[in-house]
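The values are calculated or read from the model by the stated rules, or taken from the named source; none is laboratory data. Only a predicted model underlies this, so the values are computations on that prediction, with no experimental measurement involved. Positions of Cβ are generated from backbone atoms using ideal geometry, with glycine treated the same way; all protein chains shown enter the neighbour counts. Just the protein is used for accessible areas: all its heavy atoms, side chains included, with ligands, DNA and RNA removed. Shrake-Rupley method; radii C 1.70, N 1.55, O 1.52, S 1.80 Å.
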2 protein chains.
Amino acid sequence: MSNKNFGFGTQIRKSPYFESTVKWGATGFSVYNHMYIPRDFGSPEQNFWNLIEKAILCDVAVERQVEITGRDAYKFTQLLTPRDLSKLAVGQCKYVLITNNEGGILNDPVLLRLAENHFWLSLADSDVLLWAQGVAVNSGLDVQIKEPDVSPLQLQGPTSGEIMIKLFGDDIKDLKYYWLKEYNLDGIPLIVSRTGWSSELGYEIYLRDGTKGNELYEKIMEAGKEYDLKPGHTSSIRRIEGGMLSYHADADINTNPFELGFDRLVNLDNDNNFIGKEALKKIKDKGIIRKQVGLEIDCKPLSGPNTTFWELKKNNMNIGKVTSAVYSPRLKKNIALAMVSVEQSKIGNEFQVTTNEGTFDCIVVEKPFYDPKKKIVSS
Amino acid sequence: MSNKNFGFGTQIRKSPYFESTVKWGATGFSVYNHMYIPRDFGSPEQNFWNLIEKAILCDVAVERQVEITGRDAYKFTQLLTPRDLSKLAVGQCKYVLITNNEGGILNDPVLLRLAENHFWLSLADSDVLLWAQGVAVNSGLDVQIKEPDVSPLQLQGPTSGEIMIKLFGDDIKDLKYYWLKEYNLDGIPLIVSRTGWSSELGYEIYLRDGTKGNELYEKIMEAGKEYDLKPGHTSSIRRIEGGMLSYHADADINTNPFELGFDRLVNLDNDNNFIGKEALKKIKDKGIIRKQVGLEIDCKPLSGPNTTFWELKKNNMNIGKVTSAVYSPRLKKNIALAMVSVEQSKIGNEFQVTTNEGTFDCIVVEKPFYDPKKKIVSS
């Protein structure tokens, strides 16, 4: 692959870090939010060990931001999510769901509050920019909604803290889990948050000047040299171990928050006005009919993630589907997230899954599969 | 590539035609509307000749549909586009722009009217489903908006008419340019329209049952055997020759219709209420500052489409960018669509373009580059 000629045209954007990621060994790219994302630096298993033992730097510029500003920015942002934002301080982040009028999930971004009326939604893969602009049309609220020139990196893993101190000084130690801070690194404007998609200690570094992507990437790789920092990509193994959601795989517009066990992200008992409130009240009252569960699959180690939804059957009846499956080399088990009928969702329940290799037994287990109290990431 | 294991997970969908396209030689895929699209069946130049001399079958299931129904469906659909829909008959299609409140283009779908209050927007690459649902929230209109189980194919090229007669009978001859008809092909439910993305005679065949994708694909390939039908993909060469738009490449949320010369798609002189009307009036009154032009580039044949936006300079001043460029083996010229400052947009104007290979002269020419009166496609 010649990096200058990579791609089918200009229809899919390249990240500001594109040249650096190719230089550091990226050989395969996927597409996310209309932009290429590096997804292959060799062995996914080695990438996993790099992440959990030392640290990896991941180009996640595809996490595009929706910026909401204006006099009514707070009120409008609250309108977009069932989570109560009344205690979200300036400088704080929250994991939120964006729901439509039927309570279906449109995205699961991290929300950052940069100022009283200045918010970013750091997106999973869907055009929430269009959703938010559409909602604003007849809302009567005074807001501006745009995609700013912001491109995140994820620095994740146990040595990420030391690398951050080397880059930003001791002061970064005070940054708590799900808080953010503004920095300027040798003239490169940044926001840094203690968030990520790995369930490991980690940071997201939001570049605010797309012309400086490769410069920033190289600077971080250089600072990380003595801490065994490796170029990498978000780890499907680690995020499934952590029970973290991949939008379009584990949830889509037809999934509601309660099916995912995300009751804590839906606050119905206050005066907040948000889209989907009536629908979600009804769903809650009526009860869900499907539920996300963790599974262990009894077969030889899977060679990679499932690339189709695998059917689940009990007594030859379809009872659901595996949404994300992978072999965890640490747990030495095939683990999966699945959406099953609620009657089949109890821990210990057994049924059958049909993969590309055949039909195998599986059993419902607790999730997250590793570090269920999330001690690693929040300490 | 093993087709069963293709992909990085379930986050990107496979088309209902996926297995067939791999069987018929697809070796490279891009991503569009969260779904894989085959973009490589060997030489793009051969694919171009196949298209203009005989016919090709293209999997464009990625053209997802936004279905609008309900008592106020017509009124709501008119709200989404600056084009006047008052003369759009049931059974007719129109090429439309979807604009936001600032007059920026969000998509350029084909609109199909299936019934009085039943519309499909056959999308380019952006989540207009979210836009439309967002607009509906506070609209006070009685509409349902969803993505139905519909997956189009494009059958395009001079022999496509004969293939269609073989499949659907003589009655298909009556289908006029930009009209649609409902069919059932041996139990496969379809809508057929005389539209496409090739500027050649062609049809779009909208499958309404995703379980029957491979069956339909094979049926069409079989019928096309005697007419030299080849598996293929939409041709960048032909669509650039035809001056057709690729969203995200030639236009984006910051592009307005007048910059593209799409005045005929913006009807400001009536009582229609649509999003962006005030903004577009202002832009029209004030005049545009950029304009899309056709260019010929004076260098050796380009080896493929540009994968970055190429800078245009005159007297060392930046005056715009090439958005889509390709070598046309028929015209024996490098042709391009570009967005330039309006002062530089006159036919015959010359300036410089910097490609991956160096800096070359280019000249503004008429577009479309081939068949400017669109006689081929509409006859």
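What percent do you get for the relative contact order of region B:287-332 when only Cα pairs under 8 Å and 6+ apart count?
Relative contact order for region B:287-332 comes out at 33 percent.
Please tell me the relative contact order of region B:289-379 in percent, rounded to the nearest whole number, where contacts are Cα pairs under 8 Å and at least six residues apart.
35
Using a 10 Å cut-off around each Cβ of peptide A:123-131, what is the average number of partner chain Cβ atoms that fall inside?
Working: counts 0, 1, 5, 5, 12, 3, 7, 15, 9.
Counting other chains' Cβ atoms within 10 Å and averaging over A:123-131 gives 6.
Put a label point 7 Å from Cα along the Cβ direction on B:CYS299, then list its distances to the equivalent points in the other copies in nm, shortest first.
4.9
Defining the label point at 7 Å along Cα→Cβ, can you sort the distances from A:GLU366 to the same site in each other copy, shortest first, in nm?
7.5
Compare B:GLN92, B:GLN11, B:GLN344 in a GNM of chain B, Cα atoms joined below 10 Å, and give the one with the largest fluctuation.
Evaluated over chain B, the most mobile residue of the options is B:GLN11.
If you average the sequence gap of Cα pairs under 8 Å that are 6 or more apart and divide by the length of chain A, what percent do you get for the contact order?
17
Describe numerically, in nm with one decimal, the distance between label points set 7 Å from Cα along Cα→Cβ at A:GLU19 and at B:ASN318.
It is 1.5 nm.
Divide, for region B:106-164, the radius of gyration over alpha carbons by 2.2 N^0.38 Å, where N is the residue count.
Relative to the 2.2 N^0.38 Å estimate, region B:106-164 comes out at 1.45.
Please enumerate, by chain and number, the aspartates and glutamates with C-alpha under 20 Å from the C-alpha of B:LYS225, excluding those fewer than 8 residues away in the same chain.
Once the sequence-local aspartates and glutamates are set aside, what remains near B:LYS225 is B:GLU19, B:GLU53, B:ASP59, B:GLU162, B:ASP170, B:ASP186, B:GLU200, B:GLU204, B:GLU215.
Around A:SER341, with a cut-off of 12 angstrom between Cβ atoms, what is the net charge of the other residues, counting Lys and Arg +1 and Asp and Glu -1?
So the surrounding residues net to +4.
For n ≥ 4 DSSP H runs only, could you compute -39500 (n - 2.57) per run for chain B, divide by its residues and tell me the 222 nm figure to the nearest 500?
Details: 9 runs with 75 residues, N = 379.
Counting only the DSSP helices, I get -5500 deg cm²/dmol.
For the cross-link pairs A:LYS23/B:LYS300; A:LYS230/A:LYS314; A:LYS173/A:LYS284, which exceed 32 Å when the distance is taken from alpha carbon to alpha carbon?
The answer is A:LYS230/A:LYS314; A:LYS173/A:LYS284.
I'd like the FRET efficiency for B:ILE363 and B:ASP252, computed as 1/(1 + (r/R0)^6) with the beta carbon distance as r and R0 of 22 Å, rounded to 0.05.
Working: r = 26 Å, r/R0 = 1.17.
After rounding to 0.05, the efficiency reads 0.30.
Tell me whether region A:168-280 comes out rounded, prolate or oblate; compute the Cα gyration tensor, take square roots of the eigenvalues as a ≥ b ≥ c, and use a/c under 1.5 as the rounded threshold.
prolate
Just to check, using Stokes-Einstein with a Kirkwood Rh over alpha carbon pairs, what's the diffusion coefficient of chain B at 4 °C and 1.567 mPa s in µm²/s?
Roughly 60 µm²/s, to the nearest whole number.
Could you give the nm distance between label points at A:ASN214 and B:ARG264, where each point is 7 Å from its Cα heading toward the beta carbon?
4.3
Looking at region B:329-379, which trypsin sites (Lys or Arg not before Pro) are in a loop (DSSP not H, G, I, E or B) and have at most 12 other Cβ atoms within 10 Å? Walk me through the numbers before you get to the answer.
Values: sites: B:ARG330, B:LYS332, B:LYS333, B:LYS346, B:LYS373, B:LYS374, B:LYS375; in loops: B:ARG330, B:LYS332, B:LYS346, B:LYS373, B:LYS374.
In loop regions of region B:329-379 (DSSP not H, G, I, E or B), the sparsely surrounded trypsin sites (Lys or Arg not before Pro) are B:LYS332, B:LYS346, B:LYS373.
Gap in Å between the Cα centre of region A:192-271 and the Cα centre of region A:6-30?
Taking the Cα centre of region A:192-271 as reference, the centre of region A:6-30 is 20 Å away.
Since chains A and B are linked by a rotation, which residue in A has the beta carbon closest to its axis, and how far is it in Å?
Closest to the axis: A:GLY134, 1.
What is the spin-label model distance, in nm, from A:PHE6 to A:ASP142 if the labels are put 7 Å beyond Cα along the C-beta direction?
Calculated label separation equals 4.5 nm.
Given that compact globular proteins tend to follow 2.2 N^0.38 Å, what is the ratio of the alpha-carbon Rg of region A:44-150 to that value?
Taking the Cα Rg and dividing by 2.2 N^0.38 Å, one obtains 1.20.
How large is the translational diffusion coefficient of region A:289-379 in µm² per second when you combine the Kirkwood radius over alpha carbon pairs with Stokes-Einstein at 25 °C and 0.890 mPa s? Intermediate values should be presented prior to the final figure.
Numbers: Rh = 13.4 Å.
Answer, rounded: 184 µm²/s.
As an exercise, identify the chymotrypsin sites (Phe, Trp or Tyr not before Pro) in region A:77-186 lying in DSSP coil whose Cβ has no more than 15 other Cβ atoms within 10 Å.
Passing both the DSSP loop test and the Cβ count: A:TYR177.
Evaluate E = 1/(1 + (r/R0)^6) for B:ILE347 and B:ASP186, where r is the Cβ-Cβ distance and R0 equals 35 Å; express this FRET efficiency to the nearest 0.05.
E(calc), rounded to 0.05, equals 0.10.
Can you compute the label reach from A:ASP174? Point 7 Å from Cα along the Cβ direction, backbone N cut-off under 20 Å, restricted to region A:90-109.
Only A:90-93 pass the distance filter.
How much accessible area is lost when chains B and A come together, counting both sides, with a 1.4 Å probe, in Å² rounded to the nearest 100?
Details: alone 17020 and 17040 Å², together 30170 Å².
By this definition, chains B and A bury close to 3900 Å².
Taking a ≥ b ≥ c as the square roots of the eigenvalues of the Cα gyration tensor of the protein assembly as shown, is the shape rounded (a/c under 1.5), prolate (a/b larger than b/c) or oblate?
In terms of gyration-tensor shape, rounded.
So if R0 is 22 Å, what FRET efficiency would A:LYS284 and A:ASN101 give, r being the distance between their Cβ atoms, rounded to the nearest 0.05? Don't skip to the answer; put the middle values down first.
On the way: r = 16 Å, r/R0 = 0.72.
Calculated value: 0.90.
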